[in-house]
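Every number in this text was worked out from the coordinates using simple rules, so none of it is lab data. Because the structure is a prediction, the values reported are computed rather than measured. We place every Cβ from the backbone using ideal geometry, glycine too, and count neighbours over all the protein chains shown.
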Amino acid sequence: MNNVLERQRAAHEDIERLEQAIVDQFMQDAKTHRERLHAEHTMDTFLTRISEKSHRLYDLYEDQDGLRQSEINALSGSSEFSEFYERLKVIKEHHRKYPNETVEPPEMEFIYLNQRKDESDDDELEKMFSGEEGLGRYFDFNALHAQYINLKSVKKLDYLQYLSDFDNFAQLYPKSIKSSPEYKAYLDSMVAYLRSFFERAKPLFDVGELENRARKEFEEAWDEGRVSGWEWSTQEKPGEALFCEACQKQFTKQSVFDGHKNGKKHIKAQEKLDAGGPKTKEDQRKATAWKETLIIRYADALSDVREESKANVERKQALTDKERILEQEQEEVEIAEQESDEEDEDRIYNPLKLPLGWDGKPIPYWLYKLHGLGVEYPCEICGNYVYMGRKAFDKHFQEWRHAHGMRCLGIPNTRHFHEITKIDDAYTLYEKLKKEGVQEDFKAETMEEFEDTEGNVFNKKTYEELRRQGIL
């Protein structure tokens with residue numbers, strides 16, 4: 001049914017299943033950094049799907065086209081039964097056209113997800129990070145460090161010093177380069193990398209909230225002139241009478257400024273500015289200051305990763321080439337051993353195909369022989385179901401499967417038919433008992449048997465009386 005109400009119900013069901021899947025992921029004990037990272041990316045995917053389905057639900061509840069209200073009116077009006085049977089007819093017609101259509105329950109997706117662990121999952125994680133990043137444990141600032149070295153008038157730092165001071169914009173970067181295109185491209189690369197690192201290494205971190213909070217504080221600090229490295233002086237503060245915003249020029253004499261306004265270049269620049277042309281000098285300075293502030297906030301939130309990165313660089317600098325090769329080989333061996341240990345834990349050695357006990361392991365072989373669990377007892381009345389062991393075979397005569405089979409044959413399931421497993425034998429015995437007059441008329445109240453949770457057997461009348469009294 002592709003109506004609005006059914007789509008709303010299905011969306012609510014999907015959201016609940018996604019929430020339960022997230023809870024299941026949280027309950028799993030992630031033993032390694034790789035497992036924790038994989039679980040966080042899985043939960044991030046579920047949260048994204050919940051957000052998408054919630055937006056669809058909101059649109060359906062808004063009902064801008066009026067379809068939802070019209071369906072409600074059709075179901076609650078005077079012709080609700082005709083509407084019901086009309087929809088039932090559509091469903092029956094669909095199943096008549098496609099009788100063999102397979103339908104997989106929605107929960108199977110999450111059951112498969114918890115049971116399946118593909119190598120492709122690890123491959124996807126490996127592709128997200130460079131070798132230097134170590135699955136999100138360290139920064140890889142090599143490209144950014146090269147961009148920093150190529151900036152003019154900056155202090156040349158090695159990689160370890162750069163990791164410590166890359167966000168010290170007030171002292172490390174001279175003001176003379178902050179309006180250059182190279183510096184702005186460098187800031188764009190830094191912001192893009194740090195945001196990408198958040199999405200890859202900390203997918204559950206709310207980066208949007210961090211940016212909104214930083215933006216609010218930045219606007220207040222900018223209006224008050226308190227942004228680090230961008231404090232205003234009287235000469236720098238914009239809005240003076242002899243400053244041309246269109247041409248971004250400062251004049252010292254009123255006569256020169258008045259003559260500049262009549263020039264062709266100024267007129268063209270003013271037209272571009274009025275038409276939404278390039279940003280003013282003030283806007284450019286503010287955009288650069290905002291990117292610096294955002295990088296500082298990102299670095300504060302990733303301070304633990306920065307410290308780990310510095311320690312890793314110091315450790316690697318102390319290693320020789322041979323030790324680095326040995327360390328890389330050791331990491332590969334540890335990953336292989338970890339995967340083999342997980343496979344050994346999942347694989348149960350059971351060559352005799354013994355039944356599993358309460359602990360999920362095969363029962364002892366002597367117990368298997370003692371109960372005769374290797375002997376098969378087929379029952380034709382139960383649809384050729386095979387019972388393993390004499391105990392299970394004796395017990396099944398009072399269970400639902402055998403009782404249902406006897407009811408389908410039209411034969412009462414009494415003690416006379418105990419040990420009868422063939423349909424022909426059951427009919428023959430039934431006819432013989434009727435001829436000899438031994439078989440009494442079947443009375444459900446006295447002859448149909450019920451069993452309580454403790455294994456006690458009662459006839460139907462006694463069982464119903466005890467249940468009404470609350471004894472059972």
ask   = Quick one: how many lysine pairs in segment 365-441 have C-alpha atoms under 26 angstrom apart, if they're 8 or more apart or on different chains?
value = 8
query = Roughly how many nanometres apart are two label points built 7 Å out from the Cα toward the Cβ at Lys353 and Asn168?
reply = 7.2
Sites Leu319 and Glu83, calculated FRET efficiency, Cβ-Cβ separation with R0 51 Å, nearest 0.05 = 0.10
ask   = If the cut-off is a Cα-Cα distance under 17 Å, which lysines reach Lys89, setting aside same-chain residues fewer than 8 apart in sequence?
value = Lys97
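Glu62 to Ala287: FRET efficiency via 1/(1 + (r/R0)^6), r the Cβ-Cβ distance, R0 35 Å, to the nearest 0.05? Can you show the working numbers first?
Working: r = 36 Å, r/R0 = 1.04.
So, using R0 = 35 Å, E works out to roughly 0.45.
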ask   = Expressed in nm to one decimal, what extension gain is obtained for the pair His260 and Arg96 from 0.36 nm per residue of sequence separation less their Cα-Cα distance?
value = 50.6 nm
key: Cα shape, segment 348-434, gyration tensor, a/c 1.5 rule   = prolate
inquiry  = Just to check I understand the Karplus step: with θ = phi - 60° and J = 6.51 cos²θ - 1.76 cosθ + 1.60, what whole-Hz values come out for segment 254-268, glycine and proline as x?
reply    = 5, 5, 5, 5, 5, x, 5, 5, 8, x, 5, 4, 5, 5, 5
Mean Cβ neighbour count within 10 Å, used as a protection proxy, ranking 366-372, 396-402 highest first = 396-402, 366-372
query = If you plug each phi of segment 56-67 into the Karplus form 6.51 cos²θ - 1.76 cosθ + 1.60 with θ = phi - 60°, what whole-Hz ³J(HN,Hα) values come out, in order, with x for Gly and Pro?
reply = 5, 4, 4, 5, 5, 6, 4, 6, 5, 8, x, 5
query = How far is the Cα center of segment 446-472 from the Cα center of segment 190-215, in Å?
reply = 64
note = Stretched fully, the stretch from Trp366 through Lys253 gains (0.36 nm per residue minus C-alpha distance, one decimal, in nm) 29.8 nm
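Would you mind checking Lys155/Lys291; Lys216/Lys286; Lys156/Lys291; Lys31/Lys361 for any pair whose Cα atoms are more than 19 angstrom apart? Write out the running numbers ahead of the final one.
Numbers: Lys155/Lys291 21 Å; Lys216/Lys286 14 Å; Lys156/Lys291 22 Å; Lys31/Lys361 23 Å.
Listed pairs above 19 Å: Lys155/Lys291; Lys156/Lys291; Lys31/Lys361.
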task = Determine, from the Cβ-Cβ distance of Glu182 and Leu5 and an R0 of 56 Å, the FRET efficiency 1/(1 + (r/R0)^6), rounded to the nearest 0.05.
result = 0.45
message = Skipping prolines and chain starts, which residues have an amide H placed within reach, meaning under 5 Å, of the one on Phe166, given they are 5 or more residues away or on another chain?
response = none
